[in-house]
Each structure stands twice: as structure tokens, then as C-alpha cells.
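Notes to accompany the following structure.
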Amino acid sequence: MNPDTGSASKNLVGPVLRSGELADAVAEAAREDNPGRHVEVEDHSAYVRVKVEHECVLQRQTIERHLGRAFEMSELQADLAAIAGQLEVFDSHVRFYFTKTL
């Protein structure tokens, strides 16, 4: 259920990552980099699913700050188990999004 509308949303996007240090940093970055959006993080022991309605942006600098070290976006791609939505990858950020909504 979407707490903002009271209905289940079919427009959730974001990464599914293997559990660990990077998944934790991405979850925190998602909360920080998507102000005004409800960010849901599901911890399933072996993996972490991050869900944001319509669009999820993750900034490299934010992930670096939560990791406490330098980070390249290729590391994120290596740990992705799955994604929801479409994905754009840049040196400075990644964007999960839908071009059509349900």
C-alpha cells in the first residue's frame, strides 16, 4: 500500500542489491537523494530492495559519503541483482525511472 495515496502502486522503481556495505549505503543515499519522495527499503537477508515511486536517483557523492570511501558507479552495477524500471548510468549518478505509468 502506498501510504500517501492509500493504494498499491505499480510504479515503483529502484535497485535490488546483494546485502552488504554497498546495499546499506545505497539505501541511505536513496533516502537522501530523493527528497519529498517516499523511499521504501526491504531487507530480505540475502538482498535489499529499494523502492521509490516513479523515479529514484542515486548520487555517487552521497553513496561515497555513506561508504566512507571513493566509489565508482561500475561497483553498483556489479552488485545489482535486479532492477525495477529503466536505468540510466552516468559517472555522477544513476537514475531508475518509468517512461510510462500504470
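The values are calculated or read from the model by the stated rules, or taken from the named source; none is laboratory data. The shown structure was predicted, so the numbers you read here are calculated from the model rather than taken from an experiment. Cβ coordinates were reconstructed from backbone atoms using ideal geometry, including for glycine residues, and neighbour counts include every protein chain displayed. Side chains are part of the model used for accessible areas, which takes the heavy atoms of the whole protein and leaves out ligands, DNA and RNA. Shrake-Rupley method; radii C 1.70, N 1.55, O 1.52, S 1.80 Å.
Annotation: amide H-H contacts under 5 Å for H93 (H modelled 1.01 Å from N, sequence separation of 5 or more, or interchain): R60.
Paramagnetic label reach from R65 (point 7 Å along Cα→Cβ; backbone nitrogen cut-off under 17 Å): within the range 11-30, residues 24-30. Here the 3J(HN,Hα) profile of the range 55-63, calculated from phi with Karplus coefficients 6.51, -1.76 and 1.60 at θ = phi - 60°, is 8, 9, 10, 10, 8, 4, 4, 5, 4 Hz, Gly and Pro shown as x. As a fraction of the 1.4 Å probe accessible area of the chain, surface on carbon and sulfur atoms comes out at 47 percent. Here the gap between D24 and S45, fully extended at 0.36 nm per residue and compared with their Cα-Cα distance, gives a gain of 6.4 nm. Helical content alone sets the calculated 222 nm signal of the chain at -8000 deg cm²/dmol, taking -39,500 (n - 2.57) per DSSP H segment of four or more residues and averaging over every residue.
Taking chymotrypsin sites (Phe, Trp or Tyr not before Pro) as exposed when DSSP calls them loop (any state but H, G, I, E, B) and at most 16 other Cβ atoms lie within 10 Å, what is the longest stretch of the chain free of them, the sites themselves excluded? Counting at most 16 other Cβ atoms within 10 Å as exposed, the longest clean stretch of the chain is 1-89.
Backbone geometry of the range 39-51 corresponds, through the Karplus equation with coefficients 6.51, -1.76 and 1.60 at θ = phi - 60°, to 3J(HN,Hα) couplings of 10, 10, 10, 10, 9, 10, 6, 7, 8, 10, 10, 9, 10 Hz, x marking Gly and Pro. Excluding ligands, DNA and RNA, the accessible surface per residue across the chain is 57 Å² with a 1.4 Å probe.
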